[in-house]
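Worksheet for the structure shown next.
The values are calculated or read from the model by the stated rules, or taken from the named source; none is laboratory data. The structure presented is a predicted model; accordingly, all values stated were derived computationally and were not measured. Cβ coordinates were reconstructed from backbone atoms using ideal geometry, including for glycine residues, and neighbour counts include every protein chain displayed. Surface areas here come from the heavy atoms of the whole protein model, side chains and all, with no ligands, DNA or RNA. Shrake-Rupley method; radii C 1.70, N 1.55, O 1.52, S 1.80 Å.
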Amino acid sequence: MPSTVAGPEIERLIQLLARLPGLGPRSARRAALHLIRKRETLLMPLAEAMRVAEEKIVTCSVCGNIDTRDPCSICADPGRDPSTIVVVESVGDLWALERAGAIRARYHVLGGVLSPLDGVGPSDLAIALLVARVAAGGVSEVILAVNATVDGQTTAHYVTDCLTEYPLKVTRLAHGVPVGGELDYLDDGTIAAAMRQRTAF
Ligand code: ZN
């Protein structure tokens, strides 16, 4: 058993913080110490924010987003185009698209990607729910904003197959040169994809 420098309560705080993505035991100790030092301005508001989040956050039954209301604020927003559904793998990806402000549409969170190696099949993802939304009518375009990984693309093909019988356009994000990117630093696959998907100037 490794020796501990703090009491069991503080050790517990460190252990829990160490489970956060991007934090190892060392950064967790630093974070814990920081929180304890900033007890009134950080630790207490954070504890309260976490308590409220735990109590109020729900998964949207329409799109799979997380929010404090169901349907979520995006699904309930009358200013968004209900005829376009952007399909994403995770809520993190939804947040990324919202940060970019690229589109004012509705979303559908799959909850992962198909991955036979990890035992993730179609029934593990919210694909049937997406098909049901499309079948209900009023959708003219489904944008597959899945990651440009092998599993992401396999999932995109599978979802496209599920939607072929409906009269709508299925599109996917372009693959290519990132904004501000330099050709010399890109991998061959990205350059090849960018060349294939070139657009008129
Ligand atoms: Zn929603």
Could you give the alpha-carbon Rg of the range 73-172 over 2.2 N^0.38 Å, rounded to two decimals? 1.02
Computed over the range 1-142: relative contact order in percent, which uses C-alpha pairs under 8 Å that are six or more apart: 16 percent
In the chain the DSSP beta bridges are antiparallel at a rate, in percent to nearest 5, of 20 percent
Let me know the Rg and Dmax you get for the chain when you use only its Cα atoms, in Å. 21.5, 65
Please identify, among GLU48, GLU89, GLU182, the residue showing maximal mean-square fluctuation in a Gaussian network model of the chain using a 10 angstrom Cα cutoff. GLU182
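Divide by every residue of the chain the summed helix terms, -39500 (n - 2.57) for each DSSP H run of at least 4, and state the resulting mean residue ellipticity at 222 nm, rounded to the nearest 500 deg cm²/dmol. Walk me through the numbers before you get to the answer.
On the way: 7 runs with 78 residues, N = 201.
It comes out at -12000 deg cm²/dmol, rounded to the nearest 500.
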Accessible solvent surface per residue of the chain, calculated while the other protein chains remain in place, 1.4 angstrom probe, Å²: 67 Å²
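Whenever you get a sec, compute what percent of the accessible area on the chain sits on carbon and sulfur atoms (1.4 Å probe).
Its accessible area is 58 percent carbon and sulfur atoms.
Taking the highest mean first, how do the peptides 93-105, 189-201 order by number of other beta carbon atoms within 10 angstrom per residue? Walk me through the intermediate numbers first.
Values: 93-105: 13.7, 189-201: 10.7.
Ranking the peptides 93-105, 189-201 by packing returns 93-105, 189-201.
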Using Cα centres only, tell me the gap between the range 71-106 and the range 178-201 in whole Å. 27 Å
Gaussian network model of the chain, springs between alpha carbon atoms under 10 Å - residue of SER27, SER83, SER123 with greatest fluctuation: SER27
Where in the range 4-55 are there trypsin sites (Lys or Arg not before Pro) that are in a DSSP coil and have at most 13 other Cβ atoms within 10 angstrom of their Cβ? ARG19, LYS38
Any idea what the dipole of the chain comes to, in debye rounded to 20, about its Cα centre with Lys/Arg Cβ at +1 and Asp/Glu Cβ at -1? 640 debye
